[in-house]
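Engineer: Dropping a structure here in C-alpha cells format, bear with me for questions.
None of the figures in this text is laboratory data; all of them are computed from the coordinates on show. Owing to the predicted nature of the structure, the values given are computational and were not obtained by experimental measurement. Methodologically, a virtual Cβ is constructed for each residue, glycine included, from the backbone with ideal geometry; neighbour enumeration extends over all protein chains shown.
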Amino acid sequence: MAGESAPTRAGFVALIGAPNAGKSTLLNAVVGSKVSIVTHKVQTTRALVRGIVIHKNSQIIFVDTPGIFLPKRRLERAMVTTAWGGAADADVIALLVDAKRGLKEEDRAILAQLAQFPAGRARVLILNKVDIVKRDTLLALAKEANEMAPFSQTFMLSALTGDGLPHLLDFLAAAMPESPYLYPEDQMTDLPLRFLAAEITREKLTLRLHDELPYRSTVETEKWTETPKGVRIDQTIYVERDTQRKIVLGKGGATIKAISMAAREEIAKLIEKPVHLFLFVKVRENWSDDPERYREMGVEFPK
Ligand SMILES: Nc1nc2c(ncn2[C@@H]2O[C@H](COP(=O)(O)OP(=O)(O)OP(=O)(O)O)[C@@H](O)[C@H]2O)c(=O)[nH]1
Ligand SMILES: [Mg+2]
C-alpha cells in the first residue's frame, strides 16, 4: 500500500549452533525475558522454542534449537533432527559460534552442511561471547567460517552483556519478508505455560545435579490447577534408574526440596501468581525410548 505508513514485516530466524554456543541466552536477551532455559552444561535445549520480538515494524520470531552435534543416543538423534528441521523452515538461518571455544568438530560439521543448503537462503554468522575473546581471534574465526560457508553478514556480540545486539536486530528486522504480524503484538513465546514450567524445573535440576543425570531425566507437568490462592502445579521428574531417583531426592529429600523451591520461585515470577509446586520422581527405565515422552517434550520420535 504505497503512500501509507511503512509495511509491517514478519518472519522466522533459526538460531543454530553447537551445544553451549549461547543460543538460548541470545533468545532470552532479544525477547527480554527468559523463555528458553540456560545452563552451563551442553544439550540443554531439547525442543524448538520460539521467542517473539517486534523491532522497527518487524516481528522477528526467533527459533531456538537444540545444539547440533554428533548424536549417539535416540534422544540425541531427535534433538539434532529437531534443530535442522527448525533451520529448514526459517527465513534467515543464524549460526552461533562460541568464539571463546573456536571452531570445533561440531561447528565444522554444521558449516559443511550449511554450505549444501540452497543458495538464496539468507544466513548470518554470529560470533558470540565477545566479552571474553580478543578481537584478533574474532577476525580469524570470521574469515575461516566464511570460507567454509559464505554468510551474508557476520556479527560479533555478547548475548550475555547485550553488546552488539541492536545491530543484529536492525539487520534481521530489515531481512524479514513483508507480512502482517504472525502473533499478537504482546506475545513473547508460543510455548504453553505448562511446558515452560516443566522446563524451569528441568533447568534447576540440571544446575543442581552431577554431570550424567540431567541427560537421563525429563520433566513433565501433569496437572495445572487454578486455586483461589494461585496455582497448584504437579510435575513428574522421570529418571531411568532407582539410583538416579535417590540422587534427585537427596539425603532426607534435601535435593528435591531445593530444586522445588528454586523452580517454584521462578515459575511464580513468570505467571505472576503464587505457586504450589509438587514434584514427584518416577523411575521409567526406558523413558528415552518412549514416544509419549517425546510428544510431551515437543520433539519428534526418531525411528
Ligand atoms: N561469557 C559469556 N558467556 C555466555 C554468553 N552467552 C552464553 N554464555 C554462557 O554459555 C553457556 C551456554 O549458554 P546456553 O544459552 O545454554 O547455550 P545453548 O547454545 O543454548 O546450549 P544448548 O541448548 O545446550 O545447545 C551458559 O553458561 C551461558 O551463560 C556470552 O555472550 N558471554
Ligand atoms: Mg539452549
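Engineer: Given springs between every Cα pair under 10 Å in a Gaussian network model of the chain, which of 253, 102, 120 has the largest fluctuation?
Structural biologist: Sorting by GNM fluctuation, first place goes to 120.
Engineer: Ok, one more. Looking at region 214-282, which GluC sites (Glu not before Pro) are DSSP coil and have at most 10 other C-beta atoms within 10 Å of their C-beta?
Structural biologist: Numbers: sites: 220, 222, 226, 240, 265, 266, 272; in loops: 240, 272.
Of the GluC sites (Glu not before Pro), the ones in loops of region 214-282 whose Cβ has at most 10 other Cβ atoms within 10 Å are 272.
Engineer: Can you tell me the Rg and Dmax of region 1-78, counting just the alpha carbons, in angstroms?
Structural biologist: When restricted to Cα atoms, region 1-78 yields Rg and Dmax of 15.6, 56 Å.
Engineer: Still on this model: Restricting the count to DSSP beta bridges whose residues both fall in the chain, what percent are antiparallel, rounded to a multiple of 5? Provide the component values of the computation, followed by the final result.
Structural biologist: Values: 18 of 50 bridges.
Of those bridges, close to 35 percent are antiparallel.
Engineer: Helix 193-208 versus the longest principal axis of the chain: what angle, 0 to 90°, nearest 10, using Cα atoms?
Structural biologist: 80
Engineer: If you don't mind, another one. Using Cα pairs under 8 angstrom and six or more residues apart, how large is the relative contact order of region 50-104, in percent?
Structural biologist: On the way: 36 pairs, mean separation 11.7, N = 55.
With pairs under 8 Å counted, the relative contact order is 21 percent.
Engineer: In whole percent, what relative contact order does region 101-201 give with Cα contacts below 8 Å and a gap of six or more residues? Don't jump to the answer; show the numbers that get you there.
Structural biologist: Numbers: 63 pairs, mean separation 25.8, N = 101.
With pairs under 8 Å counted, the relative contact order is 26 percent.
Engineer: At a Cα cut-off below 20 Å, give the lysines reachable from residue 143, other chains included and same-chain residues fewer than 8 away excluded.
Structural biologist: Of all the lysines, those that pass the test against residue 143 - Cα under 20 Å, at least 8 places apart if same chain - are 100, 104, 129, 134.
Engineer: On to the next question. Under a straight-distance cross-link criterion of Cα-Cα below 20 Å, which aspartates and glutamates are reachable from residue 303, leaving out those fewer than 8 residues away in the same chain?
Structural biologist: Within the straight-line cut-off, residue 303 pairs with 76, 285, 289, 290, 292.
Engineer: Do you know the relative contact order of the chain, to the nearest whole percent, from alpha carbon pairs under 8 angstrom that are 6+ apart? Each step should come with its number before you reach the end.
Structural biologist: Details: 571 pairs, mean separation 57.2, N = 303.
Rounded, it is 19 percent for the chain.
Engineer: A follow-up question, please. How far is helix 105-115 tilted off the main Cα axis of the chain, in degrees rounded to 10, range 0 to 90?
Structural biologist: Long axis of 105-115 versus the principal axis of the chain: about 50 degrees.
Engineer: As I understand it, the value is the acute angle between the Cα axis of helix 135-148 and the longest principal axis of the Cα atoms of the chain; what does it come to in degrees, rounded to 10?
Structural biologist: Value to nearest ten degrees: 80.
Engineer: Need the C-alpha centroid separation for region 134-206 versus region 230-303, integer Å.
Structural biologist: Cα centres, region 134-206 to region 230-303: 28 Å.
Engineer: Okay, next question. Between 202, 264, 101, find the one with the highest GNM mean-square fluctuation for the chain; connect C-alpha pairs within less than 10 Å.
Structural biologist: Taking springs between Cα atoms under 10 Å, the residue moving most is 101.
Engineer: May I pose another question? Can you put 290, 98 in order, fewest other beta carbons within 10 Å first?
Structural biologist: Working: 290 16, 98 22.
If I rank by nearby Cβ atoms, fewest first, I get 290, 98.
Engineer: Which loop-located GluC sites (Glu not before Pro) does region 1-105 contain, where loop means any DSSP state but H, G, I, E or B and the Cβ has at most 16 other Cβ atoms within 10 Å?
Structural biologist: Those satisfying the criteria are 4.
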